[in-house]
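Undergrad: One structure, pasted below without further comment.
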Amino acid sequence: MSAAAAINRAVPSGRGKTCWLGTPEIYFRKTIDNSRLVNVEDPRRAREMKQFGIALCFLFALVMGYALQHFRAIEYGYQIESMRSQRDGLLEMNRALRLEEASLRDPERIDVMARKLGLQSPQPGQVMHLDVNADTSTPVMASVTPISVVSAR
């Protein structure tokens, strides 16, 4: 586009004043041939880039090590919390089982169930008490004692 055409476009035809709507832009086409340029190696720049790369790798390794420790600490925290809740559940179950065991061992309950089944209290001489004070570290010799069977019929 020529400069005259840009000026004609900027000035409205109906008025006598000149008014620029913007700066005229003129583009020139110039071909540049870079085929004869040679890239010169700079040993100082290469050394600086190598040092920068090593420092960057070291920094990356430090950040990754920190992130690994941080995420493992979070994971271990979750595992500890999970094990605590599991332990609390097991303690509650243990308490419930001990309560159930105590209710099942109640002598009155056992006596009532035995009477419903038709059993009666033992006669004198039927019950043999084991030695509670016996030393468990010494061997015990087995002995046969006569047992009399009493029929309830």
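Undergrad: Please go through the range 1-23 and pick out each residue that is surrounded by 10 or more Cβ atoms within 10 Å (Cβ to Cβ) and either among the basic types (Lys, Arg) or modelled with pLDDT of 85 or more (or both).
TA: Of the residues in the range 1-23, the ones surrounded by 10 or more Cβ atoms within 10 Å (Cβ to Cβ) are 1, 5-12, 20-21.
Correct list: 9 only.
Undergrad: Related question: Anything in the range 29-71 that is assigned to a loop (DSSP other than H, G, I, E, B) and surrounded by 10 or more Cβ atoms within 10 Å (Cβ to Cβ)? List them, or say none.
TA: If the condition is that a residue be assigned to a loop (DSSP other than H, G, I, E, B) and surrounded by 10 or more Cβ atoms within 10 Å (Cβ to Cβ), then 42 is the only one that fits.
Undergrad: Among the numbered conditions (1) outside any helix (DSSP H, G or I); (2) modelled with pLDDT under 80, tell me where residue 26 comes up short.
TA: Condition (2) is where residue 26 drops out.
Undergrad: Suppose we filter 98, 115 for residues that are surrounded by 10 or more Cβ atoms within 10 Å (Cβ to Cβ) and modelled with pLDDT under 95; which single one remains?
TA: 115
The values are calculated or read from the model by the stated rules, or taken from the named source; none is laboratory data. Remember, it's a predicted structure, so these values are computed and weren't measured experimentally. Cβ atoms come from the backbone with ideal geometry, glycine included; neighbour counts cover every protein chain shown.
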